[in-house]
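Participant: Pasting a structure here, questions to come.
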C-alpha cells in the first residue's frame, strides 16, 4: 500500500521545511507549492490526500484557492484541507470554514499538533 | 493548400480605437460593464488624474480581475504616492485584497522602500508580518538593517518568523547575534527555534564573499 | 581555486525558489542534474568559488546574471515541432473545445507571440494540416508576432537549415518545403502566405490590442525574462487578446502561478494549459 500524499502550500520556505520534516518523519509523502495557483496545478496532475494551506500567499491567497478547489470536479474537489494561518480572528476562521476548509489551526503550531491533525483529517500515513 | 487563409484585415471589434481619455475613463468607471471598467482602469495609469481615479476605484470595485488591473495600474505609476494607496490594503480584512496589494508593492520596490519603515512598525502585527516579505526585494544592506531593527524588539513570534524567513535568503553574517537574541526571547515557540536554527546555518555556512 | 563538483540540496532549493520568484520558471527534482550543471557553468563563468558567492551576484542583479542564467536554461535554438506535446494538445483538446460554439466556416485565430524566425507558427500550420481532421471545416488564421523585425523578415522568407528540420518526418518535409540548396529548405509559397507576421511588443497594449482576439495563444519562453511589473502588464494584454474560453500555452518550464491569477488552469493529457474564463464569470 502506498503512503498518503500531503501537499504543503505556503510561500515561506522555512515553514515548508518544518512541515516536511514532521510529515516525512510520520511517513507521509510530501510535495510543496508556493501559492494557491501552483497548488491547483499540482492537484490537477497528481492526487493528494490532504493539502495544508497558508492564507497569505502571492498571486492566489489560501481562501481563494480553497474556493476554487471546491468548485472543481470530483475527486479533485474533495481533497481534505487544513488551513494553518497566523491570522487568529474569528472572521478569519469563519471565512476559511465557509470557503470549504476542513479545519483551521493558528500558528505557531508544534510538529506534534500538526501530525495529530493530519492523521485526523486524512488518516495515518 | 486548404482552408488556412491569410487575412490582411484586422478584426473590427471594440478593442481597436484610440486610447481612452480621462472623460471616457470616468464614464466607464461609474457605469460600465466589467470589460469597460477593465479597459478604463488599464488606461488610467496614463492620465494625470489617474491616481485619484484608481484610489477611488479600489474602494468600490468588487470584480477580481478589475481589482487586479487597478493594482497593476498603480504599480505602473510606481511613485511613493501610488505605493501609499496600495499599502493601505496590506491590512485589509479581505485576503484577496491583501494579496493584491502585496503583489503590487512587490512589483514596485523603489516606490515601496519609502513606506517600509512605517509598515514594519504598524500597530497591527499582521501588517508587520506581511511587510517583512516586502523587504526581500530591497537591496541587501538596507534589507538587513530593516529586519535587524525589527527583530531587536518585536514581541510577536509570528512576525519574527516572517523576518527570519527573509533573512534565511538575504541575511548577512552580522545578523547572526540578532537571530540568537530573538531565539532567546521565544524559548517555547517550536517553529521559531527550527527557523532560526536553519536560517543561522544557511547564513553561517556562507563564506564571507563579496561579488 | 577548486570548483565545487556539486551543489547541496539546500543550495538547489534556494536557487530554484529564487528563480521561481524572479522568473516564474519551475524546476522539479527530476531536473536536478540539468539545473546543477548549468549553475556550475555559470559559477565558472562568473569566477565564483562558492555557491554563496554566486548567489550574491545573482541577487544583486550584477552583470545581468539573471538573464545569463535564464539563457542557460532556455534552448535558444528553435526548430519545427518543438514541444510537440502542446501541438498534440492543440489538435486533440483545445481546438475541439473551441469549435463547439462555432459554425462550419467560422474563423479560428491562433497567435504565436513571440514567433521568432517562424518555426512555431509554421509548425502549428503543418501540424493542423497533418493531424486535425477538421482543418478544412474552419477558416484558420495564424498570426506570428515578434518585437524584432529582423527575425520577422526571416520568418516571412521561410528558409531554414537542416537543424531546424530535425524533428520533422521526411514526408512532412517533402510536402511543405522545397529544397533551395544543399543546406537550405524553404516553406512552400501557399503555406508561407497563410501565416501573417506582424511586429508587436507584447508589453505595449497599443500594439497588442489591434491584433484582435484569439482562440489560442502560444507565448513561450518570453515572460520569464520580464520583471514583475512587466509580467503583469503582458499577462493583462494577453488576457485581452483572448476570446472568453480561449487558451494560452506557455513554455514547459513556465507556470502562470508566478505570473498572474487571471487565467484558469486546465490539465489535458499532454499539457497544462491556461484559459481565459468563459463569459458569465468575471
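Participant: With respect to residue C:251, determine if the residue is away from chain A (no Cβ under 14 Å) and assigned to a loop (DSSP other than H, G, I, E, B). Quick ask: steps written out before the conclusion?
Facilitator: Working: away from chain A (no Cβ under 14 Å): yes; assigned to a loop (DSSP other than H, G, I, E, B): yes.
Considered against the rule, which asks whether it is away from chain A (no Cβ under 14 Å) and assigned to a loop (DSSP other than H, G, I, E, B), residue C:251 comes out as yes.
Yes/no per residue for (1) under 11 Å from the mean Cα position of the chain (by Cα); (2) assigned by TED's automatic domain parsing to the domain that holds residue B:46:
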{"residue": "B:64", "(1), (2)": "no, yes"}
{"residue": "B:70", "(1), (2)": "no, yes"}
{"residue": "B:78", "(1), (2)": "no, yes"}
{"residue": "B:94", "(1), (2)": "no, yes"}
{"residue": "B:102", "(1), (2)": "yes, yes"}
{"residue": "B:107", "(1), (2)": "yes, yes"}
{"residue": "B:125", "(1), (2)": "no, no"}
{"residue": "B:130", "(1), (2)": "yes, no"}
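Participant: Quick one: which residue in B:74, B:119, B:105 is part of a helix (DSSP H, G or I), under 25 Å from residue B:27 (Cα atoms) and without any contact (Cβ under 8 Å) to a residue 40 or more places away in the chain?
Facilitator: Values: B:119 fails: under 25 Å from residue B:27 (Cα atoms); B:105 fails: under 25 Å from residue B:27 (Cα atoms).
So the residue among B:74, B:119, B:105 that is part of a helix (DSSP H, G or I), under 25 Å from residue B:27 (Cα atoms) and without any contact (Cβ under 8 Å) to a residue 40 or more places away in the chain is B:74.
Participant: Quickly run through the stretch C:219-236 and pick out the residues that are more than 14 Å from chain A (Cβ to nearest Cβ) and under 25 Å from residue C:96 (Cα atoms).
Facilitator: C:219, C:220
Participant: Can you tell me which residues in the stretch C:198-212 are assigned to a loop (DSSP other than H, G, I, E, B) and in contact with a helix residue (DSSP H, G or I) (Cβ under 9 Å, 6 or more places away or on another chain)? Please lay out each step first, then the result.
Facilitator: Here is the first cut: in the stretch C:198-212, the residues assigned to a loop (DSSP other than H, G, I, E, B) are C:200-204, C:212.
Selection gives C:200, C:201, C:202, C:203, C:204.
Participant: Using the structure shown, decide if residue C:34 is farther than 25 Å from residue B:136 by Cβ, more than 14 Å from every other protein chain (Cβ to nearest Cβ) and outside any loop (DSSP other than H, G, I, E, B).
Facilitator: Working: farther than 25 Å from residue B:136 by Cβ: yes; more than 14 Å from every other protein chain (Cβ to nearest Cβ): yes; outside any loop (DSSP other than H, G, I, E, B): yes.
When the stated conditions are applied, residue C:34 passes them.
Participant: In addition: Go through C:265, C:180, C:172 for me and flag whichever is part of a strand (DSSP E or B) and within 24 Å of residue C:129 (Cβ to Cβ).
Facilitator: Working: C:265 fails: within 24 Å of residue C:129 (Cβ to Cβ); C:172 fails: part of a strand (DSSP E or B).
When all the criteria are applied, what remains is C:180.
Participant: Would you pick out the residues in the stretch A:84-99 that are part of a helix (DSSP H, G or I) and either surrounded by 18 or more Cβ atoms within 10 Å (Cβ to Cβ) or in contact (Cβ under 8 Å) with a residue 12 or more places away in the chain (or both)? Walk me through it before giving the result.
Facilitator: First, pick out the residues of the stretch A:84-99 that are part of a helix (DSSP H, G or I): A:90-99.
Result: A:92, A:93, A:95, A:96, A:99.
Participant: To continue, here is another question. From (1) modelled with pLDDT of 95 or more; (2) in a loop (DSSP other than H, G, I, E, B), pick out the condition that doesn't hold for residue B:1.
Facilitator: (1)
Participant: Can you tell me which residue in the stretch C:210-230 is surrounded by the fewest Cβ atoms within 10 Å (Cβ to Cβ), limited to those that are more than 23 Å from residue C:85 (Cβ to Cβ) and modelled with pLDDT of 95 or more?
Facilitator: For the stretch C:210-230, the residue satisfying everything is C:210.
Participant: Give me the residue from the stretch C:49-86 that is in a loop (DSSP other than H, G, I, E, B) and within 8 Å of chain B (Cβ to nearest Cβ) and, out of that set, farthest from residue C:252 (Cα to Cα).
Facilitator: Let us first name the residues in the stretch C:49-86 that are in a loop (DSSP other than H, G, I, E, B), namely C:49-50, C:60-61, C:74-83.
Imposing the further condition that a residue be within 8 Å of chain B (Cβ to nearest Cβ) reduces the set to C:49-50, C:60.
Numbers: C:49: 31, C:50: 30, C:60: 27 Å.
Of everything passing the filter in the stretch C:49-86, C:49 is farthest from residue C:252 (Cα to Cα).
Conditions (1) within 12 Å of chain C (Cβ to nearest Cβ); (2) surrounded by 20 or more Cβ atoms within 10 Å (Cβ to Cβ); (3) in contact with a strand residue (DSSP E or B) (Cβ under 6 Å, 6 or more places away or on another chain); (4) under 23 Å from residue C:263 (Cβ atoms), marked per residue:
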| residue | (1), (2), (3), (4) |
| --- | --- |
| B:26 | no, no, no, no |
| B:33 | yes, no, no, yes |
| B:39 | yes, yes, no, yes |
| B:45 | yes, yes, no, yes |
| B:51 | no, no, no, no |
| B:74 | yes, yes, no, yes |
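So that you can scan it fast, the table gives a plain yes or no per residue for (1) farther than 25 Å from residue C:247 by Cβ; (2) touching a strand residue (DSSP E or B) at 6+ places or on another chain (Cβ under 6 Å):
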residue	(1), (2)
C:114	no, yes
C:125	no, yes
C:129	no, no
C:136	no, no
C:147	no, no
C:154	yes, no
C:177	yes, yes
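Participant: How do the helices (runs of 4 or more DSSP H) wholly within the stretch B:126-211 filter down when requiring 1 or more residues that are within 13 Å of chain C (Cβ to nearest Cβ): which remain? Outline the logic, then answer.
Facilitator: Working: elements: B:140-153, B:157-170, B:176-185, B:190-204.
Helices (runs of 4 or more DSSP H) meeting the threshold: B:140-153, B:157-170, B:190-204.
Participant: If a residue has to be surrounded by 23 or more Cβ atoms within 10 Å (Cβ to Cβ), more than 11 Å from chain B (Cβ to nearest Cβ) and in a helix (DSSP H, G or I) to count, how many in the stretch C:123-168 make the cut?
Facilitator: So the count comes out to 2.
The values are calculated or read from the model by the stated rules, or taken from the named source; none is laboratory data. Please read all numbers here as calculations on a predicted model, not as lab measurements. Virtual Cβ from ideal backbone geometry, glycine too; neighbours counted across all protein chains shown.
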